[in-house]
1. Find the residue count for the range 86-122, including only residues that are near the ligand (Cβ under 7 Å from one of its atoms), open to solvent by less than 60 Å² (accessible area, probe 1.4 Å) and out of contact with any Lys or Arg (no Cβ under 9 Å at 6 or more places or on another chain).
2. If I filter the range 63-73 for residues that are open to solvent by less than 60 Å² (accessible area, probe 1.4 Å), more than 14 Å from the ligand (Cβ to nearest atom) and small (Gly, Ala, Ser), do I get at least one hit?
3. Please return the ranges of helices (runs of 4 or more DSSP H) entirely within the range 70-174 where 1 or more residues are charged (D, E, K, R) and under 22 Å from the mean Cα position of the chain (by Cα).
4. So is residue 136 of a type in the set (Gly, Ala, Ser), under 24 Å from residue 174 (Cα atoms), open to solvent by 70 Å² or more (accessible area, probe 1.4 Å) and within 12 Å of the ligand (Cβ to nearest atom) or not?
Amino acid sequence: MGQPSRGSRTRRGTFCQFLKRLNRSRLYIEVVASELSLDESNQPMMTPTATNSSLYQRLGGYDVIAAFVDDTYQMLRNDPRFSRFAARSVDSQQRARQLLVDQICHLAGGPCFYTGRDMKTSHTGLHITETEWNISLEYTRQALKNHGVGQREAEEVIAIFEQYRADIVDSSAS
Ligand code: HEM
């Protein structure tokens with residue numbers, strides 16, 4: 001007497017488990033809803049993960065970096081204003097391309113090492129002008145766009161390049 005029967009203990013246990021499951025589902029729904037929440041203009045808001053992740057991750061990783069670098073090189077090769085840089089072996093061109101991919105990957109926070117020379121050493125004597133610099137950045141912007149890189153990430157890539165402007169551009173060249 002007074003002791004709950006086995007059956008009712010089991011039922012209570014089942015009910016408690018049901019409440020726990022319900023709570024877990026609610027928590028899951030809240031997390032998903034906050035991830036998918038919309039801002040005032042009905043655009044999905046950046047999740048904390050997307051906001052805090054490295055530039056490398058936000059760019060879309062190594063393949064996207066390699067793709068926009070290749071695209072930029074292709075545009076430079078097609079532009080007769082850059083023909084004086086073309087007289088180099090395929091191997092030298094591929095080496096410079098690979099080093100540039102590694103450099104961006106590294107500076108964007110990716111799992112790469114840059115093993116090339118510093119920018120002053122590798123560009124001194126090429127007499128790169130301010131105009132050539134500006135055109136090459138325009139091609140980079142275009143290539144970033146072609147590969148679906150967002151405005152914010154594109155500006156961060158350009159800002160990485162801009163750090164080297166003084167080392168690459170020859171202020172006495174025209
Ligand atoms: C007008 C713009 C540019 C031109 C014409 C240019 C041209 C060149 C050339 C011809 C080389 C080969 C040098 C050699 O083999 O001795 C080179 C190497 C390289 N460039 Fe540029 N460059 C430009 C801008 C940039 C920018 C914006 C970056 C990125 C910050 C960059 C990164 C590199 C890297 C990583 C290498 C390889 C360095 C090494 O050989 O150790 N370049 N560049």
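The values are calculated or read from the model by the stated rules, or taken from the named source; none is laboratory data. All values reported here derive from a predicted model rather than from experimental measurement. Here Cβ is always computed from backbone atoms with ideal geometry, including for glycine, and neighbour counts include all displayed protein chains. Each accessible area value is taken on the protein alone, full model and side chains, heavy atoms only, with ligands, DNA and RNA left out. Shrake-Rupley method; radii C 1.70, N 1.55, O 1.52, S 1.80 Å.
1. Final tally of qualifying residues: 5.
2. yes
3. Hits in the range 70-174: 90-107, 130-146, 151-162, 165-168.
4. So residue 136 does not fit the description; no.
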